[in-house]
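The values are calculated or read from the model by the stated rules, or taken from the named source; none is laboratory data. Since this is a predicted model, take the numbers as computed values, not measurements. Please note: Cβ atoms are built from the backbone with ideal geometry, for glycine as well, and neighbour counts cover all protein chains shown. We work out accessible area using only protein heavy atoms, side chains counted, and drop any ligands, DNA or RNA first. Shrake-Rupley method; radii C 1.70, N 1.55, O 1.52, S 1.80 Å.
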Amino acid sequence: MPIEHDLLHPPAFYENQQHKLKRLVQHPNSFFMDVKCPGCFQITTMFSHAATVVFCASCSQVLCQPTGGKARLTEGCSFRKKVE
């Protein structure tokens, strides 16, 4: 039974399905992100796998709730990944 893809150049969708340590080039699943508060539109930098509740610095609104893995953003919050 032949392999469907090249092992040296795997497709992107296959690499994203792999465990973070079993990829061709290891990299974590977590990232930093900018989150915009829906009330005052202030941008706050937070970690994607935050273990504590993150509040807005100006209006004290809850931006995310921790879960077992990735943090869950509250309704109305928008985010973008930080560029390295």
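Whether a residue is under 24 Å from residue 83 (Cβ atoms) and modelled with pLDDT under 95 was assessed, and residue 39 does not pass this test. Screening residue 4 with (1) loosely packed, with under 11 Cβ neighbours inside 10 Å; (2) within 15 Å of the chain's Cα centre (by Cα) gives one miss only, at (2).
Note on region 57-84: among residues that are under 19 Å from residue 28 (Cβ atoms) and among the β-branched types (Val, Ile, Thr), the one that is modelled with the highest pLDDT is 67.
For residue 10, indicate whether it is surrounded by fewer than 12 Cβ atoms within 10 Å (Cβ to Cβ), part of a loop (DSSP other than H, G, I, E, B) and not polar (S, T, N, Q). Criteria not met by residue 10. Residues satisfying the criterion are absent from region 51-63 (criterion: of a type in the set (Ser, Thr, Tyr) and open to solvent by less than 70 Å² (accessible area, probe 1.4 Å)). Close contacts from region 60-84, counting a first residue that is touching a residue at least 12 places away in the same chain (Cβ under 8 Å) and a second that is open to solvent by 80 Å² or more (accessible area, probe 1.4 Å) and of a type in the set (S, T, N, Q), with Cβ to Cβ under 8 Å and a gap of 6+ residues or different chains, come to 66/52. With the requirement that a residue be part of a loop (DSSP other than H, G, I, E, B) and of a type in the set (Val, Ile, Thr), what does region 24-47 give you? 25 - this is the single residue of region 24-47 that is part of a loop (DSSP other than H, G, I, E, B) and of a type in the set (Val, Ile, Thr).
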